[in-house]
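Only one structure is covered here, and it is reproduced in the block below.
Readers should treat all values here as calculations from the given coordinates under stated rules, not as data from a laboratory. As the structure is a prediction and not an experimental result, all values here were calculated from the model. Cβ atoms come from the backbone with ideal geometry, glycine included; neighbour counts cover every protein chain shown.
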Amino acid sequence: MYKHSVELDVSKCTGCTTCLRHCPTEAIRIRDGHAVINEDRCIDCGECIRVCPNNAKKAMCSKFEHYQDYKWKIALPAPSLYGQFDNLEDVDTVLQGLLDIGFDDVFEVAKAAEYATEYTRLYLKSEGIKKPVISSACPVVVRLISLRYPYLRDNLMPILPPIEIAAKMARKKALEEHPEFKESDIGLFFISPCPGKVSYIRNGFGDYKSEIDVVISLKDVYFKLIGAMKKDNSPAIASETGMIGVGWASSGGESSAILNDDYLAADGIENVNKVLDAIENGNIPQLEFVELNACTGGCVGGVMTIENPFIARTRLHSVRRYLPVSVNRLPKGTHYIPENVLSYELPEYTPIARLSKSFSESMRMMAEIQEIKGTLPGIDCGACGSPTCKAFAEDIVRGQADISLCRVMNCSPKGEEENDS
Amino acid sequence: MSESLTFHFDVDGEDFTSAGQASVQVKKNLRRLGISPEIIRQVSIAMYEGEINMVIHAGGGKADVVVSEDKIEIILVDKGPGIADIDLAMQEGFSTATDSVRSLGFGAGMGLPNMKRYTDEMTIDSVVGEGTTIKMVVNL
């Protein structure tokens with residue numbers, strides 16, 4: 001069973017239909033006055049969290065305070081964290097802040113991202129790979145492809161996302177520097193900008209299990225950090241990341257780093273769907289690499305961030321300005337991607353849209369859907385609890401809704417009411 | 001089972017920017033029927049190319065996708081200028097598209113050849129000055 005990280009607080013939900021209309025996979029219905037999420041369809045993109053006017057949707061994360069048993073706690077901040085602070089001059093200030101709020105060490109995900117960039121360049125040079133290569137860094141995109149674009153599965157880059165590379169490197173480093181600790185003494189805490197990465201870490205992909213021990217929300221850490229971060233203290237820890245690593249936080253950062261002009265970078269879940277449709281139909285120009293981020297602006301647009309993604313991106317620009325291009329390079333002459341950062345695991349393709357296992361039954365149901373749809377008002381008001389009249393017709397045929405739920409059809413014409421009174 | 005299902009689309013020739021939408025819709029419907037991803041891809045590419053052709057050359061038209069037990073038929077009907085030389089039109093790289101359409105990246109002369117490539121059967125009936133009807137079949 002897939003463990004989702006987007007959850008609903010039923011007591012806050014008013015059944016207002018906002019999330020219903022924004023869900024990109026039509027995974028939400030309103031039933032008994034509140035939203036219900038279809039877990040097979042949900043891709044944990046967090047769109048419903050973003051739009052909910054009642055804060056009834058939230059991302060399930062762990063609290064740092066609840067995991068103090070680890071003897072050596074390592075923070076793994078996503079580079080999007082650096083874009084949250086006003087007038088941040090030096091990333092070191094953030095890293096020192098993390099130590100000050102109780103972490104024993106910090107390992108930047110941006111550092112691993114620079115290695116991921118190097119691996120990507122190597123991968124693009126390999127023979128016999130399916131182009132365009134699609135980045136596997138955004139877990140929402142990977143899940144979307146595995147559920148809805150089975151034909152593009154082989155285009156996904158089989159390299160672990162920076163979080164996992166960071167986790168492996170952080171654990172190895174900790175064990176080398178602190179032989180007094182056992183592996184289980186070390187706690188790896190990922191500071192996540194989005195519920196998509198939380199779900200990825202909880203579920204892994206296929207048989208691959210995440211190396212991260214605890215995921216905490218960037219938002220939570222932000223509020224602890226602003227109290228702890230002081231400009232004048234001289235940080236005892238230094239960032240080990242260049243422009244490329246920090247650049248991964250916003251859309252276009254990952255792809256511009258591959259040093260090849262034949263790339264495309266798209267962000268926002270609707271745009272991602274459009275690009276995937278175009279690749280599947282073969283009607284985009286010849287490309288080497290495609291970077292897709294479910295959130296507008298890239299990871300800085302994650303729902304667990306504080307700052308508007310465009311402001312965060314601008315801030316990252318100024319943070320990046322005086323950084324070296326890249327600090328983490330593979331040794332010269334490296335021709336092979338190490339086995340431990342490769343991952344070919346994907347969740348099994350599940351035809352979630354399929355009406356029935358039997359083709360003839362699907363055909364019958366589809367005909368019924370078309371017939372019912374023709375009788376519905378077609379205004380997609382959402383009052384029945386389904387996102388569109390078409391989805392409502394499908395819900396009726398699947399036995400998940402009753403036609404009496406259509407408020408528009410069951411409303412007596414306005415003129416008659418006025419005549420009565 | 002002998003019944004078939006028809007999905008009908010009016011392809012709007014006025015709005016170039018909306019071209020390609022029927023193809024997306026067909027894809028969604030075929031997924032509901034549990035058709036295999038490879039077949040869905042073939043149908044949606046053939047459909048897409050046909051749709052674009054109708055918008056570029058014929059000012060729109062009508063598209064029907066008929067699904068039955070053993071095959072999917074795509075029938076495209078337009079009242080455009082017709083194709084004068086079908087053999088020439090089938091050649092890769094041949095196109096009568098205008099420069100403005102080419103500037104958008106279309107008109108590479110791959111539309112009809114791709115439709116043939118991705119389907120099992122294709123027939124073109126065209127009368128100059130009256131219009132074109134294309135039938136394509138993808139076997140299941």
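At 222 nm, what value in deg cm²/dmol follows for chain B if DSSP H runs of at least 4 each add -39500 (n - 2.57) and the sum is divided by all its residues, to the nearest 500?
-10500 deg cm²/dmol
Among A:Ala113, A:Tyr151, A:Pro24, which residue has its Cα furthest toward the positive end of the charge dipole of the protein assembly as shown, with +1 on Lys/Arg Cβ and -1 on Asp/Glu Cβ?
A:Ala113
Return the average number of partner chain Cβ atoms within 10 angstrom of each residue Cβ along peptide A:142-154.
Average neighbour count from other chains, rounded to a whole number: 2.
If I fit a long axis through the Cα atoms of helix A:91-100 and take the longest principal axis of the Cα atoms of chain A, what angle between them do I get, 0 to 90°, rounded to 10?
With rounding to tens, the tilt is 90 degrees.
Can you list the residues, at least 5 places off or on another chain, whose amide H is less than 5 Å from the amide H of A:Ile134, using H built in the peptide plane?
Long-range HN contacts for A:Ile134: A:Leu156, A:Met157, A:Val290.
Using only Cα atoms and rounding to the nearest 10 degrees, what angle (0 to 90) does helix A:162-177 make with the longest principal axis of chain A?
30
Can you pull the mean other chain C-beta count within 10 Å for peptide B:34-41?
For this peptide, the per-residue mean of nearby foreign Cβ atoms is 5.
Quick one: check the C-alpha center-to-center distance for the stretch B:1-23 versus the stretch A:1-65, whole angstrom.
Centre-to-centre distance over Cα atoms comes out at 33 Å.
Only bridges whose two residues both fall in the stretch A:64-341 count here: according to DSSP, what percent of them are antiparallel, nearest 5?
In the stretch A:64-341, DSSP labels about 5 percent of beta bridges as antiparallel.
Exposure proxy check: A:Cys406, A:Cys13 ranked by fewest other beta carbons within 10 Å?
The most exposed by this proxy come first: A:Cys13, A:Cys406.
Tabulate in residue order the Karplus-calculated ³J(HN,Hα) for the stretch A:108-125, using 6.51 cos²θ - 1.76 cosθ + 1.60 with θ = phi - 60°, rounded to whole Hz; enter x for Gly and Pro.
Per residue, the Karplus-derived 3J(HN,Hα) values read 6, 5, 4, 5, 5, 4, 5, 5, 4, 4, 5, 5, 4, 4, 5, 4, 4, 7 Hz.
Need the full-extension length gain, A:Ser318 to A:Glu176, defined as separation in residues times 0.36 nm minus the C-alpha distance. One decimal, nm.
So the chain would gain 47.7 nm between A:Ser318 and A:Glu176.
Which of rounded, prolate or oblate describes the stretch A:1-142 when judged by the alpha-carbon gyration tensor and an a/c cut-off of 1.5?
Oblate, since a/c reaches 1.5 and b/c is not below a/b.
For B:Leu140, enumerate residues with amide H under 5 Å from its amide H, sequence gap 5+ or separate chain, H modeled in the peptide plane.
Here the answer is B:Lys71, B:Ile72, since their amide H atoms fall under 5 Å of that of B:Leu140.
Using every Cα-Cα pair within the protein assembly as shown, state what percent have a distance larger than 37 Å.
Roughly 41 percent, rounded to a whole number.
Once you average over the residues of A:115-121, how many Cβ atoms of partner chains fall within 10 Å of each Cβ?
Average neighbour count from other chains, rounded to a whole number: 0.
Using Cβ contacts closer than 10 Å as the measure, can you line up A:Ser126, A:Ser250 from fewest to most?
A:Ser126, A:Ser250
Amide H neighbours of A:Thr296 under 5 Å, at least 5 residues apart or on other chains, H built in the peptide plane: list them.
HN-HN under 5 Å from A:Thr296: A:Gly268, A:Ile269.
In whole Hz, with x marking every Gly and Pro, tabulate ³J(HN,Hα) for the stretch A:323-331 from phi via Karplus 6.51 cos²θ - 1.76 cosθ + 1.60, θ = phi - 60°.
Values, residue by residue: 8, x, 4, 8, 9, 10, 10, 6, x Hz.
Using helices alone, what [θ] at 222 nm do you get for chain A, with -39,500 (n - 2.57) per DSSP H run of 4 or more residues, divided over all residues and rounded to the nearest 500?
About -10500 deg cm²/dmol.
Apply the a/c threshold of 1.5 to the C-alpha gyration tensor of the stretch A:1-60 and tell me whether it is rounded, prolate or oblate.
rounded
Viscosity 0.890 mPa s, temperature 25 °C: Stokes-Einstein D of the stretch B:5-139 from its Kirkwood Cα radius, in µm² per second?
Rounded to a whole number, D works out at 166 µm²/s.
Please work out the Cα center distance from the stretch B:48-64 to the stretch A:125-158, rounded to the nearest Å.
Taking the Cα centre of the stretch A:125-158 as reference, the centre of the stretch B:48-64 is 31 Å away.
Give me the distance in nm between label points sitting 7 Å out from Cα along the Cα-to-Cβ direction at B:Leu88 and A:Glu345, one decimal.
Rounded to a tenth, the inter-label distance reads 5.9 nm.
Which whole-number percentage describes the relative contact order of chain A, with Cα contacts under 8 Å and a sequence gap of 6 or more?
Relative contact order, chain A: 21 percent.
Along the stretch A:353-363, what does the Karplus equation 6.51 cos²θ - 1.76 cosθ + 1.60 (θ = phi - 60°) give for ³J(HN,Hα), rounded to whole Hz, x for Gly and Pro?
So the J values, rounded to whole Hz, are 7, 4, 6, 8, 5, 8, 5, 5, 5, 4, 4.
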